[in-house]
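> Take a look at the following structure, please.
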Amino acid sequence: MTASGLHYDRYQVAGRDEWIMRIGDPAAPSLLFLPPLFEEMNRTRAFLAAVMRRVAAAGYCCRLPDLPGTGESERALDEMRWQDWRDAARTAVDGARGVVGVRGGCLLDQGLGPCIWRLAPVEGASLVRDLERTGLVAEGGGAGYTPSANLLESLRTASPAGDARTVRLASDRGEADLKLDGPPLWRRSEPQNSSQLSDAAASDIVEWAGTCAAS
């Protein structure tokens, strides 16, 4: 496999190994990608991989962690606290020159350095309402996600904070440094990618990283 191919490495949180996906030469300047949360992560994984490949082709090493209790993590989601996810982000950043957050991932980038790029940042309370409205919070042993009470309550009060380059979709009324055409993939019923959106997002990340993250 070439250096620009897809690899899976390990990083540690509280003495436990978690997986982190890497695309790009490990010797290249690195960028940490913080994914959307819960079902939005599943819906956008192909999009994130496409963006990472395009950014890696421009000379960066892109890394995307599984947060404890998510993805291929061996830890149970109902045992995770919000602080565990904050600790995971701080550990995974590991010398990265910049942090790229998408949706709920933008709630975890505080304190990770001066170079922060955000796509469609969202309030934690909005994510909780979406989980409850769509029945994705499991109750009584049913199907769905089982976040701990601490994780859910902390998420309700979490907000994106600090300086960042903010990018939104053209359909989003929120303030932004740049607006891109493309569909809200995190709201699609099935995982999809949009080459238009992934190309545009990657292009802006590369330009941003060449200034802020290179300083």
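> Taking the stretch 54-69, which residues are outside any loop (DSSP other than H, G, I, E, B) and either in contact (Cβ under 8 Å) with a residue 60 or more places away in the chain or buried (at least 21 other Cβ atoms within 10 Å of the Cβ) (or both)?
Those that are outside any loop (DSSP other than H, G, I, E, B) and either in contact (Cβ under 8 Å) with a residue 60 or more places away in the chain or buried (at least 21 other Cβ atoms within 10 Å of the Cβ) (or both): 54, 55, 56, 61, 62, 63, 64, 65.
> Write out, first by first residue and then by second, each pair whose Cβ atoms fall under 7 Å of each other, whose residues are 6+ apart or on separate chains, and whose first residue, in the stretch 127-145, is more than 12 Å from residue 37 (Cα to Cα) and assigned to a loop (DSSP other than H, G, I, E, B) while the second is of a type in the set (Val, Ile, Thr) and modelled with pLDDT of 60 or more.
138/146; 144/137
> Same structure again: Go through the stretch 178-202 and count every residue that is surrounded by fewer than 17 Cβ atoms within 10 Å (Cβ to Cβ), without any contact (Cβ under 8 Å) to a residue 40 or more places away in the chain and under 18 Å from the mean Cα position of the chain (by Cα).
1
> Related question: Consider residue 72 against the criteria (1) closer than 29 Å to residue 60 by Cα; (2) touching an Asp or Glu at 6+ places or on another chain (Cβ under 8 Å); (3) surrounded by 21 or more Cβ atoms within 10 Å (Cβ to Cβ): it satisfies all of them except one. Which criterion is unmet?
(3)
> Tell me yes or no: at least one residue of the stretch 194-211 is part of a loop (DSSP other than H, G, I, E, B) and modelled with pLDDT under 95.
Checking the stretch 194-211: at least one residue is part of a loop (DSSP other than H, G, I, E, B) and modelled with pLDDT under 95.
> Right, something else. Among 22, 10, 16, 75, which is the only one that is closer than 24 Å to residue 185 by Cα and of a type outside the set (Phe, Trp, Tyr)?
From the options 22, 10, 16, 75, the qualifying one is 22.
> Have a look at 109, 94 and point out the one that is acidic (Asp, Glu) and surrounded by fewer than 17 Cβ atoms within 10 Å (Cβ to Cβ).
After applying the criteria, what remains is 94.
> Shifting gears a bit: If I go through the stretch 6-53 residue by residue, how many of them are of a type in the set (S, T, N, Q), in contact with a Lys or Arg (Cβ under 9 Å, 6 or more places away or on another chain) and in a strand (DSSP E or B)?
Here the count works out to 1.
> Kindly indicate which of 96, 161, 89 is small (Gly, Ala, Ser), assigned to a loop (DSSP other than H, G, I, E, B), under 19 Å from residue 18 (Cβ atoms) and touching a residue at least 12 places away in the same chain (Cβ under 8 Å).
Checking each option against the conditions leaves just 96.
> Another question, if that's okay. On the given criteria, is residue 110 touching a residue at least 40 places away in the same chain (Cβ under 8 Å), part of a loop (DSSP other than H, G, I, E, B), farther than 20 Å from residue 34 by Cβ and not hydroxyl-bearing (Ser, Thr, Tyr)?
No; evaluated as a whole, the condition is false for this residue.
> Oh, and also: Just to be sure before I move on: is residue 214 small (Gly, Ala, Ser), surrounded by fewer than 18 Cβ atoms within 10 Å (Cβ to Cβ) and modelled with pLDDT of 95 or more in the structure I sent?
no
Residue-by-condition table, conditions (1) of a type in the set (Lys, Arg); (2) surrounded by 24 or more Cβ atoms within 10 Å (Cβ to Cβ); (3) touching a Ser or Thr at 6+ places or on another chain (Cβ under 6 Å); (4) at pLDDT 95 or above:
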| residue | (1), (2), (3), (4) |
| --- | --- |
| 9 | no, no, no, no |
| 14 | no, no, no, no |
| 23 | no, yes, no, yes |
| 26 | no, no, no, no |
| 32 | no, yes, no, yes |
| 36 | no, yes, yes, yes |
| 39 | no, no, no, no |
| 45 | yes, no, no, no |
| 48 | no, yes, no, yes |
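The values are calculated or read from the model by the stated rules, or taken from the named source; none is laboratory data. Since we're looking at a predicted model, the values are computed, not measured. When we count neighbours, we look across all protein chains shown, and the Cβ atoms used for this are built from the backbone with ideal geometry, even at glycine.
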